1. Which residues, counting only those in region 198-219, are surrounded by 18 or more Cβ atoms within 10 Å (Cβ to Cβ) and farther than 21 Å from Thr68 by Cα?
2. Search region 126-183 for residues being of a type in the set (Ser, Thr, Tyr), part of a loop (DSSP other than H, G, I, E, B) and surrounded by fewer than 21 Cβ atoms within 10 Å (Cβ to Cβ), and hand back the single one that is nearest to the chain's Cα centre (by Cα).
3. Just to be sure I understand the filter: pairs with C-beta atoms under 7 Å, separated by 6 or more residues or on different chains, first member in region 65-76 and over 14 Å from Val211 (Cα atoms), second member of a type in the set (Asp, Glu) and not in a loop (DSSP other than H, G, I, E, B). Which pairs pass?
4. Which one is nearest to the chain's Cα centre (by Cα) among residues in region 204-261 that are charged (D, E, K, R), farther than 20 Å from Gly105 by Cα and in a loop (DSSP other than H, G, I, E, B)?
5. Any residue at all in region 65-77 that's buried (at least 16 other Cβ atoms within 10 Å of the Cβ), of a type outside the set (Val, Ile, Thr) and on the phi > 0 side of the Ramachandran plot?
6. Please go through (1) modelled with pLDDT of 95 or more; (2) surrounded by fewer than 16 Cβ atoms within 10 Å (Cβ to Cβ) for Val84 and return the number of the only condition it doesn't satisfy.
Amino acid sequence: MADSTPTSAEAAAGRTAHLTAAEGAVLRADDLIAGYLPGVNILNGTDLYCQPGELVGIIGPNGAGKSTLLKALFGLVRVRSGKVVLKGDEITNERADTLVRKGIGFVPQTNNVFPSLTIQENLEMGSYQSPKSFRKRFEFVGDLFPALIDRRGQRAGSLSGGERQMVAMGRALMMEPSVLLLDEPSAGLSPVMQDEVFVQTRKINRTGVSVVMVEQNARRCLQICDRGYVLDQGRNAYTASGKDLGNDPKVIELYLGTLAK
């Protein structure tokens with residue numbers, strides 16, 4: 001694969017463009033450096049912004065730092081340098097439960113439901129910090145996922161992978177987030193359920209919730225997102241509208257391959 005590491009001049013120009021474009025963003029990350037082990041960085045100066053009502057997709061090769069970026073935004077991986085800002089307030093390295101109260105929802109790739117609890121009990125856990133809002137939010141989630149509400153008494157552990165994903169997304173919406181972070185929502189699902197997840201993600205976004213989604217299904221992700229980022233080695237390799245990235249010859253050659261055909 002060709003080296004996509006930007007030169008210092010390109011990096012400086014990209015940072016300036018990011019800071020200008022990120023004005024007014026509901027969520028933004030500036031020059032993030034983060035990793036799991038001391039002295040080992042996974043993110044190497046990553047920038048990201050999401051405007052109100054926008055659906056942003058993050059794609060890239062395995063090991064590029066996509067999931068690490070989401071976890072850094074949600075306080076699950078410590079940021080060593082740089083900052084995360086939510087609606088104008090810095091939230092870098094704040095606790096996940098604090099971030100939920102402030103308006104960020106997060107759906108992890110795995111272990112994203114309580115299998116021994118019913119669908120309704122999972123949703124109740126989603127509104128744990130604001131129990132009085134449960135009825136209102138339950139109706140909102142029910143409008144998005146009516147099939148799950150009809151089976152509210154069924155244990156989550158008996159659901160299919162796609163159904164569990166819907167429960168996890170519904171639970172994350174119970175605190176009325178302004179931003180929803182989705183980590184590989186279509187991973188391990190059948191093609192039919194993958195399509196359903198993408199449809200539901202766009203449906204959630206159209207209710208006014210900004211969405212930042214990490215996806216391995218790059219082609220499908222770029223089809224539904226307003227704007228996309230291509231991460232490589234913990235840095236932004238490309239950013240543009242989903243349509244433009246999906247048609248960019250360099251992006252197709254380096255990152256999409258046959259998925260773009």
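1. Correct list: Phe198, Gln200, Ile204, Asn205, Val209.
2. Ser178
3. Sorted first by the residue in region 65-76, then by its partner, the pairs are Ser67/Asp183.
4. Asp248
5. Scanning region 65-77 turns up at least one residue that is buried (at least 16 other Cβ atoms within 10 Å of the Cβ), of a type outside the set (Val, Ile, Thr) and on the phi > 0 side of the Ramachandran plot.
6. (2)
One line per residue, one yes/no per condition, for (1) touching a Phe, Trp or Tyr at 6+ places or on another chain (Cβ under 8 Å); (2) small (Gly, Ala, Ser); (3) within 21 Å of Cys50 (Cβ to Cβ):
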residue	(1), (2), (3)
Pro108	no, no, yes
Ser133	no, yes, no
Leu148	no, no, no
Gly162	no, yes, no
Glu196	no, no, no
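The values are calculated or read from the model by the stated rules, or taken from the named source; none is laboratory data. Here the structure is a predicted model, which is why all the values come from computation and not from measurement. Using ideal geometry, Cβ is built from the backbone for each residue, glycine included, and neighbour counts are taken over all protein chains shown.
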